[in-house]
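The values are calculated or read from the model by the stated rules, or taken from the named source; none is laboratory data. In this text, all values refer to a predicted model and were calculated from it rather than measured experimentally. Cβ atoms come from the backbone with ideal geometry, glycine included; neighbour counts cover every protein chain shown. Side chains included, ligands, DNA and RNA excluded: accessible areas come from the protein's heavy atoms. Shrake-Rupley method; radii C 1.70, N 1.55, O 1.52, S 1.80 Å.
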Protein chains: 2
Amino acid sequence: MNALDPLFAPRSIAILGASDVPGKLGTAMTASLDRFPGPVMKINPGRFFPTVAAAVAAEGIAPDLVISCIPAAMTADALRAAAAAGARAALVCAGGFAESGAEGTAHQQALSAVVRDTGIRLLGPNTSGFIAPHASLTATFVPDARDLEAGPVAVVAASGGVNHALAFALADAGVGLRLGVGLGNSVDVTQADVLDHLCGDDGLGAVALHVETAADGRRLTAAVRRLVDRVPVVAVVVGRSDVGDFARSHTGALATSWRVTRAALRQAGAVLVDDERELVDAVSALGRVRLPARPGSGVGLVTAQAGPGLLLTDALRTAGVRVPPLSERTVKELGDVLPDLTYQRNPVDTGRPSPTFTQVIEHVSEDPDVDVTAVYALLEPAALDLPAALQAARPATPLVAVVGGPPEQARRARAELGAAGIPCATTPAAGATMVRALAEDAANRSRLGEDIVSTTWPALALSDPVDEHTAKNVLAGFGVRTPVRRVCAGREAAHAALDELGGPVVVKILDPGVLHKTEVGGVQVGVRTHDDLDAALDRLPASPALLVEHMAPAGPELIAGVRRDPVFGPVVALGAGGTAAETLGDVSLRLAPLTANEADAMLDDLATRALFQGARGAAPVDRARLAHVLLALSSLGADPGVAECEINPLRVLPDGDVVALDAVLLLRDDQGGSDDA
Amino acid sequence: MNALDPLFAPRSIAILGASDVPGKLGTAMTASLDRFPGPVMKINPGRFFPTVAAAVAAEGIAPDLVISCIPAAMTADALRAAAAAGARAALVCAGGFAESGAEGTAHQQALSAVVRDTGIRLLGPNTSGFIAPHASLTATFVPDARDLEAGPVAVVAASGGVNHALAFALADAGVGLRLGVGLGNSVDVTQADVLDHLCGDDGLGAVALHVETAADGRRLTAAVRRLVDRVPVVAVVVGRSDVGDFARSHTGALATSWRVTRAALRQAGAVLVDDERELVDAVSALGRVRLPARPGSGVGLVTAQAGPGLLLTDALRTAGVRVPPLSERTVKELGDVLPDLTYQRNPVDTGRPSPTFTQVIEHVSEDPDVDVTAVYALLEPAALDLPAALQAARPATPLVAVVGGPPEQARRARAELGAAGIPCATTPAAGATMVRALAEDAANRSRLGEDIVSTTWPALALSDPVDEHTAKNVLAGFGVRTPVRRVCAGREAAHAALDELGGPVVVKILDPGVLHKTEVGGVQVGVRTHDDLDAALDRLPASPALLVEHMAPAGPELIAGVRRDPVFGPVVALGAGGTAAETLGDVSLRLAPLTANEADAMLDDLATRALFQGARGAAPVDRARLAHVLLALSSLGADPGVAECEINPLRVLPDGDVVALDAVLLLRDDQGGSDDA
């Protein structure tokens, strides 16, 4: 039995604060539960049973689940008593806890103590609850949620409001609900717990995940990773803009870094979307269909109207989905069933649809480069019975249909197709989101399951602070290329180093206390002669020592590093160098430790990747060498003593190798580092 | 009477190829027209009247509009005969014209000849037609379009399929249609013609514009500009990705540059959206509400559920819409009607809605910094009658509502609110698009109507090709700062120039045949001494002359230019310098001539604008000086002899002024330049 079964699959329920006074929370909850097939005990002194214990004594059965609709200040004591009377799980709906100041925080701590002391599992507080239609269990204060139909998609939302909004939007899209949960303040049960619970649910088809914050980053990603092997997970993360103040007020927690959270969820195998509308589109498709695991799935596109087909093609290509040219053989087969008037190489424009529409779909789906077949058509019953034609098709790939037409007719057609297992969108934009989600899920799965590369950690005894030379030595120990260099105590040694290395060299101050050498004039480049060197030394600020090193040839520049995220632990970053790219945030992120494929893929995430692939006459970067640097940083991040390491710039040399021209290595104050290692 | 009234408001209609054989185009069209109140003459030899002339003779009335459902090869002759019989407008539905090869192109040329010879106005060919519900006129081969309700929104689509898709999507959003037109191949009637026609339509509330291509760029933008004074225009442009082949096959025309078309439409006052779903959202809102013209409208946000409210806030802020903190007074007023548990500074989280919801909306709308009030609520009839509460409100600003809930109930609530003039969205994403569209329309209008700055054109007799020195002289004539420089015939003159100017100088080859000097080693920087100069001259390739100029201090770099777009004529561009920004396409575009405000606003379009506003210790750019450069380029673009001028780089100096470090000026082969001047 699953640990959260008493919560999500209870045999019996008690309602604290049950009521029949209109407008009250307890009244709404009582109404919501009126179809629950098991015993529901109403608790409310003076009206119903005075306590859970009294109800248990009278009914001879303990409630698996206690649902609390009473004020924050009374909740902890009531739950402690309920646990003593046999309750094993609780849902706490009221607000007024950590999201609302000091007093509320104290109430929340009292709830935590009840969980710790009694072992009761607690959902909330500050949530409208959860919905499990297949169990006729609507544990929310929105009684209309009783009418939601059972189906394959689970909603795991940070907030009760979003849980309901998504559940209703799914219903509008004709997709039923397996379980819909709003987490609220997550004093005990977290998103990871709910995902783990779902991992054991055979009725599950897909998960829609809404994330505002994650207290337990690695548990969350591990749970997603496990689920993705069984069912697709689609996630939306709040906080692209600065919504910190309001977010904090909402569930009493800091909003998590949007970028890191998205990167971590994607790395774990989730499909990421930008808003709740795309979330519904994506999960509607993935709840019905999953493509074989592979990168770069190809889409065959059949359209009965060229204009909307063009919108769909444009949206797919903009999203990076392949719409490959069809093979000679497919084009020939299409020529036999379509007039010669229209474009037929992909997209395939059928013109006004005729009874050959089914054959067109089949031919396209059989093309060797097609993994999913998308169809756009406006309902024109006089020309074609579209739902019948699509259901008659025996395609070699999954289908996605986009059906336009008069609202009621189109809704009926989409419902019919959905019931036949064909994901069905309202508009080209929605259809593009569906297909993109199928392709991304397939690509994600193709790279999961690979082994982590373990690099042997070189034994280095570092003392804080670490200077640039030492940081480069550490990186060199991992096989990262660094410039040939000499540490010089003073002017004389610098001249000797110039003689030894030959020009041009770079001369820098070597002072771990100065993090931004360039800004204080601490870097002098292009030093070729002893006169140059004297002039350069005159310009440098005072410093305990000097670093003289070979000047690297010009080339494109990257930034690579590893740092500790407060929620997710070590994160490896690769960004394009230069102020413009930094301003635009052109950075790829992955949780460490990296697999070899993950390290290799990071460059492809950059919007400016073309600059490192041989653009403008520069050498293309040696991807294996770049991946090696990222794996080295990943290993560094695994050391509990390392707080952060940044290579900036990491320059691409004419031979494609990359060289760390500057490096900063920061150690942690607490070298024990057990909290997120 | 409007020139297109015979087309869109005919008193009588003839159908060429009318039929009652199931599945035929002519049958569908005949069915579509069965509710048209005027005479409809069916033409089909052997079945109905043999010719339009025969019908006219029999009925004693000429058709204003002839709708052709016959094959491409027969169309021109039939239309010529119809025009002779008195027809003044035609709709040609068939495909098989310029979109489908040489034979079709000949058919299309024959149609053009009929238009030229007879003056008949022609919509199409290759379109499913148009819909005018208020006139009970459904001139499309989708008979179900008869049931579309009349309303305020016109659809002007490049394609018949998109016209229908948008009309049905608007119906699904509860928004009625004024006129829905699919242009097809636009042999005569263009989007500009339809927009001009709509400009005289008092029943119009808003226009949804779908653009694949524009043959007449300036006519299109002029028509949009005129319309925007009366009603809002929302536009989606196809071609963000490369869809050229398919697009060409679709209407026989090249897809227009996506970036230039979007920039031109925005400059003319249109609100730009990314896909057809956003188009429906935006036009649904703007068809009911328009904000006062002003930049930076503020949104007051009231939410009954914090989670969805957070999604809405995040989407608005990400789109650059202001969600300002409410005034002390507003916060105090809210404190009187809301419990102290929730966030109330904007967004205003009411918690579970109560009867004070109406007052909360009113208080927020009265805040001095709020121009539009957005409301999110899930339907909870037991807690609040939401439609009644919203309609009872007497807000000081327009409202936008986002209503979640059980699909049927929510649809009814949204319809009720829509009928009361309150735009109503299904999800936070849709609501954010609505509010963003209202704010953008208001901002667009605040900058329209300003005068063009005319700069006196300095009399310069230029001969092709123009070298860098001459190009800089031209720019200097417009008051653009250029480096102090000397043209030198050889080595000796260069040394004299160094003495005269003082170091450091830059030495370049002066050869108009070399467009990319840097790539051939033709630019040597940092020359301070005569030794440096000799070394630099040794490194330069052979050249007819040399340019020695003051080397500018370091600073952020821009690229500015003007070039001729084949569709829109002169376009001014401002971009961030450097390879990363260029790769990411961080460029602002405006059609020339520019107004002073337009020139000033271009910097704000850049994603990297912070780099030019004082980031990282650099001087902020002097905006007036930068605008002056853009206005100079705008004036240059007005000269019919100028093909293109690019300043790259345009460097920001420590005093904030900008200096043209390099400039290219290309003249046109045909200096008459009447085609797009």
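Filtering the stretch B:96-131 to residues that are crowded, with 22+ Cβ neighbours inside 10 Å, more than 21 Å from B:V56 (Cβ to Cβ) and in contact with a Lys or Arg (Cβ under 9 Å, 6 or more places away or on another chain) leaves B:E99, B:S128, B:I131.
Applying the condition of being open to solvent by less than 10 Å² (accessible area, probe 1.4 Å) and among the polar types (S, T, N, Q) to the stretch A:578-606 and asking which residue is nearest to A:A268 (Cα to Cα) yields A:T595. Selection of the stretch A:513-525 for residues being open to solvent by 50 Å² or more (accessible area, probe 1.4 Å) and in a loop (DSSP other than H, G, I, E, B) yields A:G513, A:L515, A:H516.
Out of the stretch B:281-295, which residues are open to solvent by 30 Å² or more (accessible area, probe 1.4 Å) and either at the interface with chain A (Cβ under 9 Å from one of its Cβ atoms) or under 30 Å from A:A430 (Cα atoms) (or both)?
Our first condition is that a residue be open to solvent by 30 Å² or more (accessible area, probe 1.4 Å); within the stretch B:281-295, this holds for B:288, B:290, B:292-295.
B:R288, B:R290 - these are the residues of the stretch B:281-295 that are open to solvent by 30 Å² or more (accessible area, probe 1.4 Å) and either at the interface with chain A (Cβ under 9 Å from one of its Cβ atoms) or under 30 Å from A:A430 (Cα atoms) (or both).
Flag: B:R47 matches the condition of being among the basic types (K, R), at pLDDT below 95 and within 30 Å of A:L379 (Cα to Cα). Within the stretch A:213-222, the set of residues being within 17 Å of A:V238 (Cα to Cα) and either in contact (Cβ under 8 Å) with a residue 60 or more places away in the chain or open to solvent by 10 Å² or more (accessible area, probe 1.4 Å) (or both) comprises A:T213, A:A214, A:A215, A:D216, A:G217, A:T221. Going by what's in this entry, would B:R609 be described as open to solvent by 60 Å² or more (accessible area, probe 1.4 Å) and within 9 Å of chain A (Cβ to nearest Cβ)? So B:R609 fits the description; yes. Looking at this structure, is B:G174 touching a Gly at 6+ places or on another chain (Cβ under 8 Å), open to solvent by 20 Å² or more (accessible area, probe 1.4 Å) and at positive phi? Here the answer is yes, as B:G174 does meet what is asked.
For B:G575, indicate whether it is open to solvent by less than 60 Å² (accessible area, probe 1.4 Å), touching a residue at least 12 places away in the same chain (Cβ under 8 Å) and within 23 Å of B:D600 (Cβ to Cβ). Steps first, answer last, please.
Details: open to solvent by less than 60 Å² (accessible area, probe 1.4 Å): yes; touching a residue at least 12 places away in the same chain (Cβ under 8 Å): yes; within 23 Å of B:D600 (Cβ to Cβ): yes.
Yes: the conditions hold for B:G575.
Among the residues of the stretch A:492-512, those identified as surrounded by 13 or more Cβ atoms within 10 Å (Cβ to Cβ), within 13 Å of A:V548 (Cβ to Cβ) and not aliphatic (A, V, I, L, M) are A:H495, A:G503, A:P504, A:K508.
If you go through the stretch A:139-157 and keep only what is open to solvent by 10 Å² or more (accessible area, probe 1.4 Å) and within 23 Å of A:V187 (Cβ to Cβ), you end up with just A:F141. Of everything in the stretch A:636-661 that is open to solvent by 30 Å² or more (accessible area, probe 1.4 Å) and of a type in the set (D, E, K, R), the residue that is modelled with the lowest pLDDT is A:D639. Total residues in the stretch B:28-57 satisfying the condition of being free of Cβ contacts under 8 Å to residues at least 60 places away in the same chain, within 12 Å of another protein chain (Cβ to nearest Cβ) and surrounded by fewer than 20 Cβ atoms within 10 Å (Cβ to Cβ): the figure is 0.
Count of the stretch B:61-89 residues, restricted to those that are closer than 20 Å to B:A31 by Cβ, among the hydrophobic types (A, V, I, L, M, F, W, C) and either open to solvent by less than 20 Å² (accessible area, probe 1.4 Å) or touching a Phe, Trp or Tyr at 6+ places or on another chain (Cβ under 8 Å) (or both), is 4.
Taken together, the residues in the stretch B:227-264 that are surrounded by 17 or more Cβ atoms within 10 Å (Cβ to Cβ), more than 14 Å from chain A (Cβ to nearest Cβ) and modelled with pLDDT of 95 or more amount to 8.
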